[in-house]
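Student: Below is one structure. I have some questions about it.
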Amino acid sequence: MIRGTIIVSIEICKACELCVTACPQDCLELSAQLNSKGYRYAQLKNDSCTGCINCAIVCPDSAITVYRQKKEIKSATQKIS
Amino acid sequence: METATNIDGLEVVYAKPKTLTDTPTHYCPGCGHGVVHKILMEVIEEMNIQEETIGVAPVGCAVFAYDYMNIDMQEAAHGRASAVATGVKRVLPDKYVFSYQGDGDLAAIGTGETIHTVNRGENILMLFINNGIYGMTGGQMAPTSILGMKTTTSPFGREVATMGNPLKITEMLAQLPGAYYVSRHSVHNTAAVRKLKKAISTSFKYQKEKKGTCFIEIVSNCPSGWKMTPVESNEWLEKNMFPIYPLGDIKVPKS
Ligand SMILES: Cc1ncc(C[n+]2csc(CCOP(=O)(O)OP(=O)(O)O)c2C)c(N)n1
Ligand code: SF4
Ligand code: SF4
């Protein structure tokens, strides 16, 4: 499994939940805390993120930066299998 | 952006384009305008044409587009974005020029300018955000509101006898010889956003080749005007807007 993660700009997020529905791994949720605008911001709820970027593509506020395992590691594992 | 550095053996694979400013948008949560802005700016970043692109903003919710798009922009009077874009392109023919308008702007008050710009085959990209309502002014009926749609000016739902049928202006415009490429898209899921991105970059390539007017409609949501959550609005859009405004190419260049 490819490992990935995201960072959400907490103060930019508007709790629209579009990222939550776009995530194929079901790894996003809205926080219990509020940001200063009064929105529950998006956050990871487990470590199954693969860095697929689906959440970031649909985010209207460009609040998500996505990170993924470096390519070299990926191609090495691909050679083995 | 401060977050856009690699962390812990992971590399950045997606970050906000640098062609967007850091100004937080005033759009309602989940509004399609934000996604369209971002994708348009991604194309401009990837084509490396930030310095060569001039946008024309509408009156409507996207009136402040010039605060978010980090390129040269001009604001136009309500409905007149394509006329202003015509002037800009004629004076600066080597720049990439686009207009960005909502349905009230492009298909109601600006219908005349819209039709004649496309008829003249002005060498610009026209982006048309069709959310079936006047978002900015509080949810009045638009020419593109679908039958049965409840708005503040059609409280019992739009009906043909007094309000006419939804205006398929994109199909109309495709009939004009000046229209080179006409396509309808949406931003309700990732696959749709990727297709829109392709259509925008194709349109800029045609503009470089001086082919004529490229027109892209984006069937979009207005969660506030529709009185729905963003997730509900995208479901509603798929079920109710797409049958009337089917996605896909409407006019493609003859090869
Ligand atoms: C000459 C003129 N007439 C009317 C208005 C009021 N007005 C502002 S925005 C708007 C409609 C906007 O709707 P649309 O173009 O669909 O954009 P949206 O807000 O939905 O993105 C109207 C009628 C105005 N600003 N100027
Ligand atoms: S899509 Fe963006 S704005 Fe909406 S909840 Fe997710 S991070 Fe927040
Ligand atoms: S009123 Fe509608 S179109 Fe305007 S920002 Fe809000 S959701 Fe978007």
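The values are calculated or read from the model by the stated rules, or taken from the named source; none is laboratory data. Since the model is a prediction, treat every value here as computed from it, not as a measurement. Methodologically, a virtual Cβ is constructed for each residue, glycine included, from the backbone with ideal geometry; neighbour enumeration extends over all protein chains shown. These area figures cover heavy atoms from the full protein model, side chains too; ligands, DNA and RNA do not enter into them. Shrake-Rupley method; radii C 1.70, N 1.55, O 1.52, S 1.80 Å.
Student: For residues that are over 15 Å from B:Lys205 (Cα atoms), away from chain A (no Cβ under 13 Å) and open to solvent by less than 10 Å² (accessible area, probe 1.4 Å), tally how many sit in segment B:25-61.
Tutor: Qualifying residue count, segment B:25-61: 4.
Student: Among the residues of segment B:17-66, what is the count of those that are over 19 Å from A:Ser62 (Cα atoms), without any contact (Cβ under 8 Å) to a residue 60 or more places away in the chain and within 16 Å of ligand 1 (Cβ to nearest atom)?
Tutor: Selection size over segment B:17-66: 4.
Student: Shifting gears a bit: Looking only at residues in segment A:17-36 that are assigned to a loop (DSSP other than H, G, I, E, B) and open to solvent by less than 20 Å² (accessible area, probe 1.4 Å), which one is farthest from ligand 2 (Cβ to nearest atom)?
Tutor: Among residues in segment A:17-36 that are assigned to a loop (DSSP other than H, G, I, E, B) and open to solvent by less than 20 Å² (accessible area, probe 1.4 Å), the one farthest from ligand 2 (Cβ to nearest atom) is A:Cys27.
Student: When you check B:Met141 against the structure, is it more than 18 Å from B:Pro243 (Cβ to Cβ) and either crowded, with 22+ Cβ neighbours inside 10 Å or not polar (S, T, N, Q) (or both), yes or no?
Tutor: So B:Met141 passes the test.
Student: Looking at segment B:203-224, is at least one residue open to solvent by less than 20 Å² (accessible area, probe 1.4 Å), assigned to a helix (DSSP H, G or I) and more than 28 Å from B:His116 (Cα to Cα)?
Tutor: Yes, because at least one residue in segment B:203-224 is open to solvent by less than 20 Å² (accessible area, probe 1.4 Å), assigned to a helix (DSSP H, G or I) and more than 28 Å from B:His116 (Cα to Cα).
Student: A further question on this structure: Can you tell me which condition B:Lys227 does not meet? The list is (1) at positive phi; (2) away from ligand 3 (no atom under 16 Å from the Cβ), and all the others hold.
Tutor: Among (1) at positive phi; (2) away from ligand 3 (no atom under 16 Å from the Cβ), B:Lys227 violates only (2).
Student: How about segment B:1-112: which strands (runs of 3 or more DSSP E) wholly inside it have at least 2 residues that are within 16 Å of the chain's Cα centre (by Cα)?
Tutor: B:53-57, B:72-75, B:96-102
Student: A further question on this structure: Which of the residues spanning segment B:123-136 are surrounded by 24 or more Cβ atoms within 10 Å (Cβ to Cβ) and either of a type outside the set (Val, Ile, Thr) or within 16 Å of B:Ala76 (Cβ to Cβ) (or both)?
Tutor: Within segment B:123-136, B:Ile124, B:Leu125, B:Met126, B:Leu127, B:Phe128, B:Ile129, B:Asn130, B:Asn131, B:Gly132, B:Tyr134, B:Gly135 qualify.
Student: Farther than 28 Å from B:Ile54 by Cβ and touching a strand residue (DSSP E or B) at 6+ places or on another chain (Cβ under 6 Å), is that true of B:Gly164?
Tutor: no
Student: Could you grab me the full set of residues in segment A:1-16 that are surrounded by fewer than 14 Cβ atoms within 10 Å (Cβ to Cβ) and at pLDDT 95 or above?
Tutor: Residue satisfying the conditions is A:Glu11 alone.
Student: Looking only at segment B:32-71, count how many residues are among the small types (Gly, Ala, Ser), within 11 Å of ligand 3 (Cβ to nearest atom) and on the phi < 0 side of the Ramachandran plot.
Tutor: So the count comes out to 3.
Student: List every residue pair whose Cβ atoms lie under 6 Å apart, where the two residues are 6 or more positions apart in sequence or sit on different chains, the first residue falls within segment A:1-20 and is under 9 Å from A:Tyr41 (Cα atoms), and the second residue, located anywhere, is open to solvent by less than 40 Å² (accessible area, probe 1.4 Å) and among the acidic types (Asp, Glu).
Tutor: Filtered contacts from segment A:1-20: A:Ile12/A:Asp61; A:Lys14/A:Asp61.
Student: Looking only at segment A:48-63, filter to residues that are more than 7 Å from every other protein chain (Cβ to nearest Cβ) and open to solvent by 10 Å² or more (accessible area, probe 1.4 Å); which one of those is farthest from ligand 1 (Cβ to nearest atom)?
Tutor: Per the criteria, the residue is A:Ser48.
Student: Can you tell which of B:Thr202, B:Thr190, B:Thr153, B:Thr162 is within 16 Å of ligand 2 (Cβ to nearest atom) and free of Cβ contacts under 8 Å to residues at least 40 places away in the same chain?
Tutor: Testing whether each residue is within 16 Å of ligand 2 (Cβ to nearest atom) and free of Cβ contacts under 8 Å to residues at least 40 places away in the same chain leaves just B:Thr190.
Student: Any residue that is more than 16 Å from ligand 2 (Cβ to nearest atom), within 14 Å of chain A (Cβ to nearest Cβ), at negative phi and modelled with pLDDT of 95 or more - is there at least one of those in segment B:123-133?
Tutor: Looking for residues that are more than 16 Å from ligand 2 (Cβ to nearest atom), within 14 Å of chain A (Cβ to nearest Cβ), at negative phi and modelled with pLDDT of 95 or more, one finds at least one in segment B:123-133, hence yes.
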